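Notes to accompany the following structure.
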Amino acid sequence: MALYSDKVMDHFRNPRNLGKLDDADGIGEVGNAKCGDIMRMYIKVDDGIITDVKFNTFGCGSAIATSSMATELIKGKPVEEALELSNKAVVEALDGLPTHKIHCSVLAEEAVRAAVKDYYDKNGIAYDPEMFKESDDPHGESCEA
């Protein structure tokens, strides 16, 4: 069995929604100090719907693939639905990740949440701060392989 699924390799080699939105309504940046991955997610929102999304990721192939997949999963969705995106959904959409790469999917989830929080903050949209509370240590191990 290959270490990475065909979908992971495809999103790594041909990332979707790569780039920057100069007129982003929300920008989220997250990182993992243990492995050095940094993800920046940009969202454009129109009438509560994420109409465009871009990302820039500095990191391993799994970090790039999970960022790419996360953008595909939230594009065209209501902002509230994007908040429900889980790292598990990203992993499943990619047909799995090696255990030591699951933290990359957590970063993708967190980048989406950070972009939505930024959107809410910029637009004075009230929210429950608990929605954006960070977990204890979701990133796990360092990036290897």
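The set of residues from segment 68-95 being within 17 Å of residue 15 (Cα to Cα) and not acidic (Asp, Glu) comprises 68, 69, 70, 71, 73, 74, 75, 90, 91, 93, 94.
Contact map, segment 24-49: first residue touching a residue at least 40 places away in the same chain (Cβ under 8 Å) and more than 14 Å from residue 106 (Cα to Cα), second residue of a type in the set (Lys, Arg) and assigned to a loop (DSSP other than H, G, I, E, B), Cβ cut-off under 7 Å, separation 6 or more or different chains; pairs are 42/20. Of the helices (runs of 4 or more DSSP H) entirely within segment 1-98, those holding at least 1 residues that are closer than 18 Å to residue 113 by Cβ, modelled with pLDDT of 95 or more and of a type outside the set (S, T, N, Q) occupy 61-74, 79-83, 87-93. With respect to being among the aromatic types (Phe, Trp, Tyr), free of Cβ contacts under 8 Å to residues at least 40 places away in the same chain and either surrounded by fewer than 22 Cβ atoms within 10 Å (Cβ to Cβ) or in contact with a Leu (Cβ under 8 Å, 6 or more places away or on another chain) (or both), residue 12 falls outside the description. Applying the criterion of being more than 16 Å from residue 75 (Cα to Cα), hydrophobic (A, V, I, L, M, F, W, C) and in contact (Cβ under 8 Å) with a residue 40 or more places away in the chain to the residues of segment 93-123, the residue that is surrounded by the most Cβ atoms within 10 Å (Cβ to Cβ) is 104.
The values are calculated or read from the model by the stated rules, or taken from the named source; none is laboratory data. What you see is a predicted model; the values in this text were computed from it and never measured. Neighbour counts run over all protein chains shown; Cβ positions are idealised from the backbone, glycine included.
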